[in-house]
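Structure first, then comments.
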Amino acid sequence: MDFYRALSEHYDEIFPLKEPQKSCLLGYLKQENLTSILDIGCGTGTFALEVSRTDVRVLGVDLSDEMIEISKRKAQQKGSSARFAIADMRDLSNIQEEFSGVFCLGNTLAHVTGEIELKQVLTQFAKKGVHLLLQTVNYDRILAKQVKELPIIKTSDFTFHRFYTYRTDGKIDFSMKIEFPDTKQVISGVNILFPVTYTLLKRALLETGWEVSDLWGNYNKDPWTEDSPATIITAKRILR
């Protein structure tokens, strides 16, 4: 079993939809009167399925076929109207429809290769929706404190470790490891991340036709600071 298949099978245990996140995201839907959502980097579809309960039209996309397979299975089991498809945020041209809102959560955005590709992705988003909600890890804090390990996530079945190694090119090697104590099995994987700081993200948004509306440091909507755990931004497409 490779790492990402193992991760997809345990994704809902590792990253459940917690009440502050649910309240914040659903509140944003209501505030902006959004009737359709493109959920980019949807994982196993947890948020997309929650949104579909409000009669909002939602399409969840992810690059992982394992994640999309699980999302579709969950939607069928729940009788949900949410739809799911494999797609790369770098190229959304195969998605013909437009949406009133685009969401990109769970640190998905940090998988771009650099500032040029970040702007290309944000331009893609602007072609698909008028409102935008982004959430990443707060890389201002990560870089300032040179954080090397994120909190361990432990369940009765496994332990999930996450490590940062800082590269000479300014990017980060994000190493993940799942340990299964019962079988002594260990599965690992590595992603290269581009640490998207707030200043960089704000500039990229403005240069790609977005106007920043709100900035929060967590899903409780506390003001963002350099020590906040997350960077959460809402923006509106500038109509020209």
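Within the stretch 65-89, how many residues are crowded, with 17+ Cβ neighbours inside 10 Å, touching a strand residue (DSSP E or B) at 6+ places or on another chain (Cβ under 8 Å) and hydroxyl-bearing (Ser, Thr, Tyr)? Total satisfying the criteria: 1. Count of the stretch 122-133 residues, restricted to those that are farther than 13 Å from Leu38 by Cβ and touching a helix residue (DSSP H, G or I) at 6+ places or on another chain (Cβ under 8 Å), is 1.
Rundown of residues vs (1) under 27 Å from Gln31 (Cα atoms); (2) assigned to a strand (DSSP E or B); (3) more than 18 Å from the chain's Cα centre (by Cα), yes/no style:
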residue: Glu179; (1), (2), (3): no, yes, yes
residue: Ala204; (1), (2), (3): yes, no, no
residue: Glu211; (1), (2), (3): yes, yes, yes
residue: Asn218; (1), (2), (3): yes, no, no
residue: Ser228; (1), (2), (3): yes, no, no
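If I filter the stretch 70-91 for residues that are in contact with a helix residue (DSSP H, G or I) (Cβ under 9 Å, 6 or more places away or on another chain), at pLDDT 95 or above and of a type in the set (Asp, Glu), do I get at least one hit? Checking the stretch 70-91: not a single residue is in contact with a helix residue (DSSP H, G or I) (Cβ under 9 Å, 6 or more places away or on another chain), at pLDDT 95 or above and of a type in the set (Asp, Glu).
The selection criterion, being small (Gly, Ala, Ser) and assigned to a loop (DSSP other than H, G, I, E, B), holds for Gly170. In the stretch 178-194, the residues that are within 12 Å of Thr159 (Cβ to Cβ) form Cβ pairs under 6 Å with partners that are among the acidic types (Asp, Glu), at six or more places apart or across chains, as follows: Val186/Glu179.
Within the stretch 148-164, the set of residues being in a strand (DSSP E or B), over 13 Å from Ile178 (Cα atoms) and among the charged types (D, E, K, R) comprises Glu149 only.
Of the residues making up the stretch 93-106, those that are touching a Leu at 6+ places or on another chain (Cβ under 8 Å) and either surrounded by 14 or more Cβ atoms within 10 Å (Cβ to Cβ) or not assigned by TED's automatic domain parsing to the domain that holds Leu34 (or both) are Ile95, Phe99, Ser100, Gly101, Val102, Phe103, Cys104, Leu105. Scan (1) among the acidic types (Asp, Glu); (2) more than 23 Å from Leu143 (Cα to Cα); (3) outside the structural domain of Val102 (by TED's automatic domain parsing) for the single condition Asp169 breaks and write down its number. With (1) among the acidic types (Asp, Glu); (2) more than 23 Å from Leu143 (Cα to Cα); (3) outside the structural domain of Val102 (by TED's automatic domain parsing) applied to Asp169, the lone miss is (2).
The values are calculated or read from the model by the stated rules, or taken from the named source; none is laboratory data. Just so it is clear, the structure is predicted and the values come from calculations on it, not from any experiment. No Cβ is skipped: glycine too gets one built from the backbone with ideal geometry, and neighbour counts run over all protein chains shown.
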